[in-house]
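Have a look at the structure below before the remarks.
The values are calculated or read from the model by the stated rules, or taken from the named source; none is laboratory data. Since the structure is predicted, the reported quantities are computational estimates derived from the model, not experimental observations. Reconstructed Cβ throughout: ideal geometry from the backbone, glycine too, with neighbour counts over all protein chains shown.
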Amino acid sequence: MSGADGYSVLFEPVQIGPVTARNRFYQVPHCNGLGHLRPQAEAAMRAMKAEGGWAVVSTQEAEIHPTSDLSPYSENRIWDDRDIPALRLITNSIHEKGSLAAIQLAHNGHHAQNHLTRAPLLAPSELVLQTPYPKQARAMDKSDIREFRKWHRDAARRSREAGFDIVYVYAGHHMTLPHHFLLPQFNDRPDEYGGSIENRVRLTRELLEDTKEEVGDDCAIALRFAVDEMLGSDGMQAQEEGRAVVELLAELPDLWDVNVADWSNDSATTRFEPRDGFQTSYIEFVKQVTSKPVVGVGRLTSPDLMVSLVKKGILDFIGAARPSIADPFLPNKIKEGRVEEIRECIGCNICVSSDALGVPIRCTQNPTMGEEWRRKWHPEIIERRGNEEAALVVGSGPAGLECAMQLARRGYEVTLAEAKQELGGRVLQESGLTGLSAWKRVTDHRIYDLQQRGNVHLFTDSRLSASEVVELGIPNVFLATGATWRRDGRGKSAFRGVSIESASLVLTPDDIMSGVVPEDGPIMVYDDDQGYLGGVLADHLAQAGQEVVFVTPASMVSPFTELTLEQTKVQRSLLEKGVRLTLSQTLTSVAPSQAILRCVYTERERPIECSSVVLVTQRARETALYDELRGLADSPLSKLELIGDAANPGLIADAVYSGHMAARNFERDAGDIDREFFRREIVSLETK
């Protein structure tokens, strides 16, 4: 299917109870680290989605009471009337762009640890927290349930007063009291709220009825429900109790927002769930059971798939969290026949990692995400060039491509020089590893954009010396020369590196990504980086049939991936492939047929057999060209700037952000840049 006309079904209005959505694009609730601490930034971010064509724009979780305190994470709050002005700021911003505003009311039960409020934790039954914090939740009695229903009703009333068009009852992700009551692993009550599915659904039914009674004439009521826990017979399954819940409540909500649990399954990365629309098989029964509109998710990025899901009667709304983050203007681009310009979500969950860290949201594909208010960045609009006419970008990794693309959009004549035969840098390398193929969307989007522009000149196989840079006569130079993995073992656990005998076969991630694989095994992957790459490399080598030993000073494989909801899947995948895991061990020396490890706790040493070692430790910045150009006595350059990994090695998202910022700030006043960088929201000193 091609052309905007082929997608017209996606732009039909849809009735949701008393309100009407202008099209079928629905930004489902998602966290963003802004929330009650940064309401202006929250409003600006949600407004950008509305401007981009999302007919419904939802908040993240809105805590309804101090007994549902998610600190230190900054979600929305609707504890009392003092929260209404900040929430009204969000609804006004969304309404100004012509979209409906939805609020996801949440009481997180035992998922909320109440570290700030120190309130007692509430649950259907006596429960120990699923966290390292040694604390328990108490079983709610009937008076607690009555109080909870009152809190939820009060929050619904405040939602209407704040201007929301859709009010959620939230029973999903293992995160909320309604979901906890629904699930036997959390609910073993002997009363009318426990036991049979009819009893366990009772609280959700009461909340829907209470909410409809409170705001139903003015607001639509949505139910967000996880139809399957992805636990097989050990949990709720879509075609059994999941279907039963939908049948029992079929016509009560005005809209069904359906997905799977827990969050790591609902927001699965492309590394472990590469298919767009991967939740379809779990949710396709819902419209057979209810006459109410249905929204579903599953990292939907293909317009053709979206149309298919609507025409097959599976979905009424195309739901999105991550795709709406990667490209807030996805709906408008489809409507305007600009499908090739969509920044497709790569499913890396860097957005999720921000929530896990309690910081404002970021995105690998969209460096403007979370910066709409603080930096006034717009994903589709950028200031035109100033007095300068041309720029040279050296290096075509994520920073170089983003910088070149944005400079070209500003109107400069851009020359991009890449030393290797293909554009893409580290993204091209990493996307060739097992599970990371979707990451190539980062380079594909930017290369396509650059190739369409008449003011861009692309050169590959063009390694430049300092004299050649000067000879080009381009006075503004951005160096995205990247970084390479060290071969000496220097890293977190060995500041001076490790002892390596001369005959030892020592490799780096760059070697493996270039196709170098030792013939003999076992291969030791030593991961002192403790990010994602060490685990990916071990998986990649094991997938290729190699005997792999994975060694790390950490107590688990790839601890960074806890932030991206993957750690359990990463470690399981290695174990299933037969990779031997050796945890809590540092590498002290490497010899031709063995390595010496040292326990991080006891410092006892032991040998381990290996024919080669892949060192995933630390990267060295490639700054030789920068140093040479900076050292020229009579430099003709007006601008010389290191960007991306050459400036600060980090995530691909960091490199993209660095390139974007460099292009935005070019020719701007330094004082303005500084003031914008430190723009922040100040907490009120009101004493009420």
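Data table
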| item | result |
| --- | --- |
| Pick from the range 497-512, criterion touching a Lys or Arg at 6+ places or on another chain (Cβ under 7 Å) and part of a loop (DSSP other than H, G, I, E, B), ranking: modelled with the lowest pLDDT | GLY497 |
| Residue that is among the hydroxyl-bearing types (Ser, Thr, Tyr) and more than 16 Å from LEU615 (Cβ to Cβ), where the choices are THR508, THR564 | THR564 |
| Filter result (within 28 Å of PRO360 (Cβ to Cβ), touching a Ser or Thr at 6+ places or on another chain (Cβ under 9 Å) and buried (at least 21 other Cβ atoms within 10 Å of the Cβ)) within the range 371-394 | TRP377, PRO379, VAL393 |
| Members of the range 514-538 that are outside any loop (DSSP other than H, G, I, E, B) and surrounded by fewer than 20 Cβ atoms within 10 Å (Cβ to Cβ) | none |
| Residue within the range 122-129 that is touching an Asp or Glu at 6+ places or on another chain (Cβ under 8 Å), in contact (Cβ under 8 Å) with a residue 24 or more places away in the chain, within 19 Å of ASN32 (Cβ to Cβ) and surrounded by fewer than 24 Cβ atoms within 10 Å (Cβ to Cβ) present | no |
| Some residue of the range 461-482 being among the aliphatic types (A, V, I, L, M), within 30 Å of PRO274 (Cβ to Cβ) and either modelled with pLDDT of 95 or more or in contact with a strand residue (DSSP E or B) (Cβ under 8 Å, 6 or more places away or on another chain) (or both) | yes |
| LYS150 being modelled with pLDDT of 95 or more, in contact with a strand residue (DSSP E or B) (Cβ under 6 Å, 6 or more places away or on another chain) and either in a strand (DSSP E or B) or not hydroxyl-bearing (Ser, Thr, Tyr) (or both) | no |
| Residue within the range 183-203 that is touching a strand residue (DSSP E or B) at 6+ places or on another chain (Cβ under 7 Å) and assigned to a helix (DSSP H, G or I) present | no |
| Test: residue in the range 390-399 that is touching a helix residue (DSSP H, G or I) at 6+ places or on another chain (Cβ under 9 Å) and modelled with pLDDT under 95 | no |
| Members of the range 465-509 that are surrounded by 15 or more Cβ atoms within 10 Å (Cβ to Cβ) and of a type in the set (D, E, K, R) | ARG486, ARG487, ASP488, ARG490 |
| Whichever residue in the range 417-436 is of a type in the set (A, V, I, L, M, F, W, C) and within 29 Å of the chain's Cα centre (by Cα) and, among such residues, is surrounded by the most Cβ atoms within 10 Å (Cβ to Cβ) | VAL427 |
| Among residues of the range 636-688, those that are closer than 30 Å to ASP83 by Cα, in a loop (DSSP other than H, G, I, E, B) and either more than 26 Å from the chain's Cα centre (by Cα) or of a type in the set (D, E, K, R) (or both), counted | 10 |
| Any hit, the range 138-153, residues being more than 23 Å from HIS179 (Cβ to Cβ) and in contact (Cβ under 8 Å) with a residue 40 or more places away in the chain | no |
| Qualifying residue in the range 510-528 (condition: closer than 18 Å to ALA620 by Cα, of a type in the set (Phe, Trp, Tyr) and without any contact (Cβ under 8 Å) to a residue 12 or more places away in the chain) | no |
| Selected residue [surrounded by 22 or more Cβ atoms within 10 Å (Cβ to Cβ), of a type in the set (D, E, K, R) and either touching a residue at least 60 places away in the same chain (Cβ under 8 Å) or touching a Lys or Arg at 6+ places or on another chain (Cβ under 6 Å) (or both)] from ARG82, ARG24 | ARG24 |
| Test: residue in the range 590-611 that is under 31 Å from the mean Cα position of the chain (by Cα) and of a type in the set (D, E, K, R) | no |
| Of all residues in the range 142-161 being crowded, with 23+ Cβ neighbours inside 10 Å and of a type in the set (A, V, I, L, M, F, W, C), the one that is farthest from THR211 (Cα to Cα) | PHE148 |
| Selection status of SER125, hydroxyl-bearing (Ser, Thr, Tyr) and either at positive phi or assigned to a helix (DSSP H, G or I) (or both) | no |
| The range 218-233 residues that are acidic (Asp, Glu), paired with ones that are buried (at least 24 other Cβ atoms within 10 Å of the Cβ) (beta carbon under 7 Å, 6 or more apart) | ASP228/MET236; ASP228/GLY242; ASP228/VAL260; GLU229/MET236; GLU229/ALA261 |
| Restricting the range 285-306 to residues that are touching a strand residue (DSSP E or B) at 6+ places or on another chain (Cβ under 6 Å) and in contact (Cβ under 8 Å) with a residue 60 or more places away in the chain, the residue that is surrounded by the fewest Cβ atoms within 10 Å (Cβ to Cβ) | PRO293 |
| Test: residue in the range 335-342 that is in the same structural domain as PRO29 (by TED's automatic domain parsing) and surrounded by 24 or more Cβ atoms within 10 Å (Cβ to Cβ) | no |
| Exclusive hit being touching a helix residue (DSSP H, G or I) at 6+ places or on another chain (Cβ under 8 Å) and closer than 30 Å to SER431 by Cβ, set GLY277, GLY313, GLY319 | GLY277 |
| Which listed residue, of PRO178, PRO190, is under 16 Å from ALA244 (Cβ atoms) and modelled with pLDDT of 95 or more | PRO178 |
| Considering residues of the range 92-121 that are over 22 Å from HIS180 (Cβ atoms) and touching an Asp or Glu at 6+ places or on another chain (Cβ under 8 Å) only, the residue surrounded by the most Cβ atoms within 10 Å (Cβ to Cβ) | ALA102 |
| Strands (runs of 3 or more DSSP E) contained entirely in the range 557-615, each with at least 3 residues that are buried (at least 17 other Cβ atoms within 10 Å of the Cβ) and among the polar types (S, T, N, Q) | 585-590 |
